[in-house]
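Q: Encoded as structure tokens, here's the structure I'll be asking about.
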Amino acid sequence: MKEEISKYNFEQKRSDYLTPPCVISKIFDLLKELNIDCDNIFSLDTCCSKNNIPARFRYYEKQFDGLLMNWFGISYCNPPYKECDKWVKKAYSEFKKGVICVLLIPARTETAYWHKYLLEDGMINKRNIYIKFLRKGLKFLNPDDDSEMGVFKNSLAIVVMNGENEVKYDR
């Protein structure tokens, strides 16, 4: 039993854990499936504390508030999960402007923000919004030393909001 307890030792003591490389790979695979060409690099990481995601530009959380800034091109967001509702709302707003928004968020389908911005009548069929559920048990990375954190026990989702009027980003 002691081994099981240590396996699930994730405690959210901070809001800036890094996305694990295995998830980054799954995200780029999903974008390819959706015929979204990004050359395995995002235009923008909207909420980061460190260069963890391949992105041309970054809003570092201590310098720029990604909730207040404009997003562009293909924007990636792994938000602080305690404020997930604000980030999903922001992503939806940017998606309506034509931005492709990619989010890694908890699969909390019972929440109001999931129903308002991601689901249509409780079903996953909102136009140009694609959701891939990941199995639970993901290990995020500590931004101080890139070490694996304890297992995050909840299921996560990769959400792709494919902006209808895609803003062309000149690479």
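Q: I want to verify the translational diffusion coefficient of region 73-148 in µm²/s; compute it with Stokes-Einstein, Rh as the Kirkwood radius over Cα pairs, at 37 °C and 0.692 mPa s.
A: 240
Q: If amide H atoms are built 1.01 Å from N in the plane of the peptide, which residues on other chains or at least 5 residues away come under 5 Å of the amide H of residue 57?
A: 44, 45
Q: Which ³J(HN,Hα) values, rounded to whole Hz and listed in residue order, are derived for region 84-97 from phi using the Karplus coefficients 6.51, -1.76 and 1.60 in 6.51 cos²θ - 1.76 cosθ + 1.60 with θ = phi - 60°, glycine and proline given as x?
A: Taking θ as phi minus 60°, the curve returns 4, 4, 5, 6, 5, 4, 4, 4, 5, 4, 5, 4, 5, 8 Hz for region 84-97.
Q: Right, another one. Which chymotrypsin sites (Phe, Trp or Tyr not before Pro) does region 53-92 hold that lie in a coil by DSSP with at most 15 other beta carbons within 10 Å?
A: The qualifying sites are 64.
Q: Please state the shape class of region 47-102: rounded when a/c is under 1.5, otherwise prolate if a/b exceeds b/c and oblate if not, all from the C-alpha gyration tensor.
A: oblate
Q: Show the residues, 5+ positions off or on another chain, whose built amide H is closer than 5 Å to the amide H of residue 163.
A: So residue 163 has HN proximity to 100, 101.
Rule-based calculations on the coordinates, nothing more; no lab input. Since we're looking at a predicted model, the values are computed, not measured. Neighbour counts run over all protein chains shown; Cβ positions are idealised from the backbone, glycine included.
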